[in-house]
Structures are given as structure tokens and as C-alpha cells.
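Scroll down for the structure; my scribbles are underneath it.
Values in this text are rule-based calculations from the coordinates and carry no lab data. Please read all numbers here as calculations on a predicted model, not as lab measurements. All Cβ positions, even for glycine, are placed from backbone atoms using ideal geometry, and neighbour counts span all protein chains on display.
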């Protein structure tokens, strides 16, 4: 690998996505991407004892699907990089325990899928791993309990609020496959002073603009060089802010941009307000919808720009700002 520009890494022999799996809950199965998931569940607890255990099960099912589709066993994976939204990443810890794969826990909030995939590609490219898996998840009920108010309270959601996806996605990176990881950019922490935990789109949009702008500058490319630029998960509020911000720089994304938080649900019929969010949102859209389209030839060159709001219940309750982050990956069909 080599560094190009200020922040971007280019893989001279690009690692490839050998297999991928995506699972989701009932609400996601009622959305426009239902057919793209390997498995969906009608029960929010997935027949476990709690929502947190259900989220751990989501990761287990996503990894199992990716292994099965790739004809692989856990022993053929050298590292698994995973994270989630819950304190100390317990969904990843308990969900992946039985696989007995060397584990590297990650936290990038909703940007975790891009972060784990980027680092998995680095491990494979440098020879530290033959194969590395990247996985993340989220669950609406567990996230509401941790970050906002208990569901039993029945609090009214504001128009800017986004619906945390009950979903998980896993991608296995190695040396075979039709889709390759060509370049990656690790984003910077960007804080524009947003404090409202019910407006994640506004908190994350500045970071998305900063990372996309820098990636295009580093690579000497323009939005029209890509079939699509996917962000995750800005929702409608963050998408509008992203377009306005980059438009001031002369970068028009409107013809090429789609947001995972707007793809996962039908906002009109499913009452998700500003759209979807959560680690599992962009992960399931990538590992279910986007990669399948690339393998089928519908897309050949895309940017996957997962965004995250770097907050915790503690920082939010203490009135701190909500910084944002966005990591960018260029995925191409080989």
C-alpha cells in the first residue's frame, strides 16, 4: 500500500471481498431492500432473553451467513474486527465468542462498518492476515434504552430523529472475489457544535463533507467518476446539509449520492421520520444491497462513506457536543 495525498491509502494489490452476509429485523424486512437480506426476523428478541442478547445474535447470524456463502469455516479467518453501539461493544463480544476467531474490537459509532472493513483490508494487504472479517450491528430497542428513553416511556420522537436499524452486516476480506477495496481514507473528528442527540444527521454531515472533499482531492477524482457515492446514515436532514456544504465547494453530489439511511426504509409508509441510522444500517445495506449489485455488474465503482456520531450517554447527559466522523472506501468491481 501507499499513501496518496493527505489522508488516503491506496492498495497496490487491492484486497477483495470474498463473501458477505446481511440480516435484519421485522421493520427492515418490510422496507424496500427486504429481498437483499440473507435472513430476517419477526421477533425483536430473536428468541433470546433481552434486546442486547438479540443484537449479539444478529452479529452471529451475519457472520454465519458470510462464512456459509463463502464456503469457509471460522478457522480460515485470521482476524475478526467488530463493534457496535452498546457500552464496551458487548454485542460483538458475546455474539462472536463461539467462533473463536482472534478478535479486535472497534468503535466508530455508525461509521464502524467502514472502519472495520478498512482495517481488515490493511491487515490482508500487509500480509498479517490471509482473511479478515468485518462486522457490526445495531438494534432499535437496545439503542433506545441506552441512548435515549426506555420504550415503555412512550416519548414522542422529533422530526429530525432517525430510526436505529435492527440489522447486521459482515464482509470477509481476502484475495478472491469480484469486488476489491482499492482505496481508503480514515476521517478526522469534526465538531460543529451540534448537541441534539435526536439530530444525528446534522452532527455527522460536516464530517461526511470533510472526508468526501479530502478523498476527491487526494485522488484527483470528481463525483461523476463514481457510479454512486453512498453515505451512511445521514438521513434526510444530514443529506440536505451535505449537499449544501459541498455545493459551496463546487461539488455537486445530487446526481451520484444515495444515503443508506434513506435506502433501508420507506419514510412515508414506515414512519421512520428522517430515515435510518445505527451501525447495522450502513452495514446491512452494504453487505446485502450494494455488494450484491456490484457482483451482478449493476455497479462497478463506488464510494462507501459511513458516518458516525461520536457520543455516549455520559457525554450527552453532561451537555457535550456531538462530534462526527466519516471514513471513505473506494470499492471497484475487478
Fill in the blank from the handout: Subtracting the Cα-Cα distance of residue 76 and residue 176 from 0.36 nm times their residue separation yields 34.6 nm
Handout entry: Directionally averaged shadow of the stretch 187-256, computed from the convex hull of its alpha-carbon atoms, nm²
Key = 4.7
Problem - Sequence-separation-based contact order of the stretch 210-334, relative, with Cα cut under 8 Å and 6+ spacing, percent - result: 29
Problem - Extended-chain gain in nm, criterion 0.36 nm per residue less alpha-carbon gap, residue 4 and residue 240 - result: 82.0 nm
Practice task
Can you tell me how much longer the chain between residue 270 and residue 224 gets when fully stretched, taken as 0.36 nm per residue apart minus their C-alpha distance, in nm with one decimal?
Solution key: 13.4 nm
Completion exercise
antiparallel share of DSSP beta bridges within the stretch 181-334, to nearest 5, in %, is 65
Completion exercise
Going from the fewest other Cβ atoms within 10 Å to the most, one would list 1, 113, 200, 311 as 1, 311, 200, 113
Problem - Pairwise label distance in nanometres, residue 13 with residue 98, each label 7 Å out on the Cα-Cβ vector - result: 3.6
Practice task
Describe numerically, in nm with one decimal, the distance between label points set 7 Å from Cα along Cα→Cβ at residue 249 and at residue 198.
Solution key: 3.1
Exercise for the section: Take every DSSP beta bridge with both residues inside the chain and express the antiparallel ones as a percent of the total, to the nearest 5. Expected result: 65
Completion exercise
Proxy exposure order for 55, 76, 100 (fewest C-beta within 10 Å first) is 100, 76, 55
Problem - For the chain: relative contact order, % (alpha-carbon pairs under 8 angstrom, 6 or more apart) - result: 25
Fill in the blank from the handout: Exposure-ranked with fewest Cβ neighbours within 10 Å first, 248, 256 stand as 248, 256
Fill in the blank from the handout: Summing -39500 (n - 2.57) over every DSSP H run of at least 4 residues in the chain and dividing by its residue count gives a helix-only mean residue ellipticity at 222 nm, to the nearest 500 deg cm²/dmol, of -9500 deg cm²/dmol
Handout entry: Taking only Cα atoms of the stretch 2-174, radius of gyration then Dmax in Å
Key = 16.7, 53
Exercise for the section: For mean projected area of the Cα convex hull in nm², several values are listed as (i) 15.2; (ii) 16.5; (iii) 17.9; flag the one computed from this structure. Expected result: (i)
Handout entry: Estimated translational D of the stretch 179-333 in µm²/s (Stokes, Kirkwood radius over Cα pairs; 37 °C; 0.692 mPa s)
Key = 210
